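The block underneath contains the structure these notes are about, expressed in structure tokens.
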Amino acid sequence: MDACVDIFRFMAGAVRSMSGIAAGEYMEGFTSMIRRDPAGIVASISPWNYPLMMAVWKFAPAIAAGNAVVLKPSDTTPVSTVRLAEMVSEAGILPPGVLNVISGDRDTGRLLMGHGGVDMVAITGSVRAGMQVAEEASHAVKRVHLE
């Protein structure tokens, strides 16, 4: 569990210390600005291998960047992810609804990725699964993160 806490701390610090020029006049008469806005609701699918840490690596950066997350762990290894979400909820670390975990199989993942309320999708998995997620997300022009 200490490793999970370390990841939370790292991601929270990384978001606060993002560097880069925030504004500048790169073309005469025009000011360019960088805005970092949350994507909204991020749907993530984590894999079966190393399930607890893979789940944390999925939702910690998304939440640190201001998003809400719906995470679907692998149907073969969901227990550690579900338990972590319960512990986060019991501890009152996040407001209700910011971290959500659903269990299910590939069909559940497909429904999650295609849901109209989801703004961004992310998956760590096979090339085949990534291609399916990217195709599903393309119908609504959702942001996609494939690993």
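The values are calculated or read from the model by the stated rules, or taken from the named source; none is laboratory data. Every value quoted in this text rests on a predicted model; they were computed, and no experiment measured them. Glycine also receives a Cβ, built like all others from the backbone with ideal geometry; neighbour counts cover every protein chain displayed. For the accessible areas, the whole protein counts, side chains as well, though only heavy atoms, and no ligand, DNA or RNA atoms are used. Shrake-Rupley method; radii C 1.70, N 1.55, O 1.52, S 1.80 Å.
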Please give the peptides 130-141, 60-71, 24-35 ranked by average Cβ packing (other Cβ atoms within 10 Å per residue), highest first, as a rough proxy for protection. 60-71, 130-141, 24-35
Hey, any idea what % of segment 1-80's accessible area is carbon plus sulfur with a 1.4 Å probe? 62
Solvent-accessible area per residue for the chain (1.4 angstrom probe, square angstrom): 62
Using the alpha carbon gyration tensor of segment 99-147, what are the three equivalent-ellipsoid semi-axes (square root of 5 times each eigenvalue), largest first, in whole Å? 15, 14, 10
Rounded to the nearest 0.05, what FRET efficiency do residue 10 and residue 138 give with R0 = 22 Å and r taken as the Cβ-Cβ distance? Could you check? 0.10
What does the charge count around residue 65 come to, taking other residues whose C-beta lies under 10 Å from its C-beta (Lys +1, Arg +1, Asp -1, Glu -1)? 0
Let's test the formula: R0 of 41 Å, r as the Cβ-Cβ distance of residue 91 and residue 26. What FRET efficiency results, to the nearest 0.05? 0.35
How much solvent-accessible surface does residue 41 expose, in Å² to the nearest 10, with a 1.4 Å probe and all protein chains in place? 60
Count the net charge of all other residues whose Cβ sits under 15 Å from the Cβ of residue 38, scoring Lys and Arg as +1 and Asp and Glu as -1. +3
Would you please give the FRET efficiency between residue 127 and residue 1, computed as 1/(1 + (r/R0)^6) with r the Cβ-Cβ distance and R0 = 25 Å, to the nearest 0.05? 0.20
Value of D in µm² per second that Stokes-Einstein yields for segment 29-147, Kirkwood Rh from Cα pairs, at 4 °C (1.567 mPa s): 88
Quick one: net charge around residue 53, please, counting Lys, Arg +1 and Asp, Glu -1 for every other residue with C-beta under 12 Å from its C-beta. -1
